[in-house]
1. On a C-alpha basis, how far is the centre of segment 100-147 from the centre of segment 12-54 in Å? Whole number, if you could?
2. What percentages make up the Cα-Cα pair-distance distribution of segment 69-126 when the bins are 5 Å wide from 0?
3. If R0 is 30 Å, what FRET efficiency do you get for LYS92 and HIS56 from their C-beta distance, rounded to 0.05?
4. Can you give me the P(r) profile for segment 15-144? Cα pairs, bins 10 angstrom wide beginning at 0, each as a whole percent.
5. Taking a quarter of the surface of the convex hull around the Cα atoms of segment 94-142, what do you get in nm²?
6. Considering only Cα-Cα distances, which of the following residue pairs are longer than 25 Å: LYS92/LYS117; LYS39/LYS108; LYS39/LYS146; LYS102/LYS128; LYS102/LYS142?
Amino acid sequence: MRGNTVGSRFNTQTNEFWAYLAGFLDGDGCITAIVERSKTNRSGVRVRIRVSFTQHRYRRKVLDKLKAEIGEGQVAEYNHNSMAEYVIRDQKIILEILEKIKPYLIAKAKHLELALKLMRLENWNSNKTNLQKAMKLAQDIKGLNKYPKRVRFDPVTTEVERPRYRFYKY
């Protein structure tokens, strides 16, 4: 929460809040790595972690409440899919949030582990070896976020090798 000048900015949140946030992230959230071009880094690229939460836009109030509690990020609505998304990009805030929710995260624990490794990697923008490590960690996180496409079977349009039903003469 904003306004805290000593230690963590989140001292007022309870363990229940962090457990709730971890559950929300496990179900309707995403931890991803973004590789961007950068004019300010020596390497010409930067790798950043992005945390987001999605809800149907009719439940945007939940995302607005999270934003108010965390005090950082943006909430946007998308008309093409009737969704709202709360996105946090501030790396210091993300690091603190990930450390707080680590004990409670289940489904995205591997995402969190890789994101923390990437964020704690030192001098990756000036050291070629560490830049390669950062890029590898980013690819690993992206790989965890790719879910296999569902194979849908439509009996009307899908050809079947053998008929499913036998017709008998009576």
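Nothing in this text is a laboratory measurement; each read-out follows from the coordinates by a stated rule. Bear in mind the structure is a predicted one, so any value in this text is a computation, not a measurement. Neighbour counts run over all protein chains shown; Cβ positions are idealised from the backbone, glycine included.
1. That distance is 10 Å.
2. 4, 15, 20, 20, 18, 14, 7, 2, 0
3. On the way: r = 30 Å, r/R0 = 1.01.
Calculated transfer efficiency: 0.50.
4. Taking every Cα pair in segment 15-144, the percentages come to 12, 41, 32, 14, 1.
5. Working: hull surface 13.7 nm².
Here the figure is 3.4 nm², rounded to one decimal.
6. As for pairs spanning more than 25 Å Cα to Cα, those are LYS39/LYS108; LYS39/LYS146; LYS102/LYS128.
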